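Report on one structure; see the data block that follows.
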Amino acid sequence: MTSKEIILASIKQNNKVKETPLPSYNNFGIVYEDKFAKFSEMLSSVGGKALIVKKEDLDKTIKEIYPEEKVITTNVQGCSLGNFDANAQEDAHKLENIYLCIVKGNFAVAENGAVWLKNSDNRHRSLYFIAQNIVIVVQKEDILNNMHEAYERISFEQAGYGVFVSGPSKTADIEQSLVIGAHGPKSGYIIFVD
């Protein structure tokens, strides 16, 4: 046996890795007493606004926020404001004149003010970004505390597009000056239906 083989054999024999259990992720992450208040605070910090409304007041509330909007698309059940069918369009470029997009959000995350959008009812994923204004409707009970809880809710088993969105489009230059509506919706509301 060469000296190299002796050294390697000694290392192999004496350096056994002990089985170590992985840490538990139960109760991992920040939990908020008032998830809506935290979500609203985080969303506001990036230029968005959050509201809680009763299901029957959804149309009225949106109409009060956007009284002049003319081209509106929606896939939210119970919302009757839509007058443009985005799914009927073959080419996503035909969505460029949508002033208000009202879409269903799957759940919201209080920790960062984001909403998970993965809606198979939307034919064009550009819909979330091409409209002048966006309203995302989420059930009030679907506010999660943190991203750890969010990742437990996301399923990657079926292919498809999904994205976390937080407020309107924005960018910040080197001086940290926030510009809203830079390359997408100019305003963003998250409406929680109670």
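Give me the Kirkwood hydrodynamic radius of the range 3-75 in Å, from all C-alpha pairs, to one decimal place?
Working: mean 1/r = 0.0526 Å⁻¹.
It works out to 19.0 Å.
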Exercise. Rank 117, 22 by accessible area, highest first, at a 1.4 Å probe radius?
Worked result: 22, 117
Exercise. What distance in nm separates the simple spin-label points at residue 172 and residue 17, each placed 7 Å from Cα in the Cβ direction?
Worked result: 3.9 nm
Exercise. Shape call for the chain from the C-alpha gyration tensor, a ≥ b ≥ c root eigenvalues: rounded (a/c under 1.5), prolate (a/b greater than b/c) or oblate?
Worked result: prolate
Problem set entry | Most mobile listed residue (150, 114, 50) in the chain, GNM with C-alpha springs under 10 Å | 150
Exercise. Do you know the relative contact order of the chain, to the nearest whole percent, from alpha carbon pairs under 8 angstrom that are 6+ apart?
Worked result: 26 percent
Exercise. So how far, in whole Å, is the C-alpha centre of the range 59-78 from the one of the range 130-194?
Worked result: 18 Å
Seminar exercise, completed: Cα-based Rg and Dmax for the range 66-107, in Å, come out at 10.6, 29
For this session: For the range 101-177, just say rounded, prolate or oblate: build the C-alpha gyration tensor, square-root its eigenvalues into a ≥ b ≥ c, call rounded for a/c under 1.5, and beyond that prolate if a/b exceeds b/c, oblate if not.
Result: oblate
Exercise. What residues qualify as long-range amide H neighbours of residue 137, i.e. H under 5 Å apart, gap of 5 or more or another chain, H built at 1.01 Å from N?
Worked result: 103, 104, 105, 191
For this session: Of the listed pairs 38/104; 38/94; 35/70; 54/170; 54/186, which have alpha-carbon separations greater than 27 Å here?
Result: 38/94; 35/70; 54/170
Seminar exercise, completed: Helix 35-44 sits off the longest principal axis of the Cα atoms of the chain, rounded to the nearest 10 on a 0 to 90 degree scale, by 80 degrees
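The values are calculated or read from the model by the stated rules, or taken from the named source; none is laboratory data. If you're wondering where the values come from, they're calculated on a predicted model, not measured in any experiment. Glycine gets a Cβ as well: all are built from the backbone with ideal geometry, and neighbour counts include every protein chain shown. Accessible surface areas use protein heavy atoms only, side chains included; no ligands, DNA or RNA. Shrake-Rupley method; radii C 1.70, N 1.55, O 1.52, S 1.80 Å.
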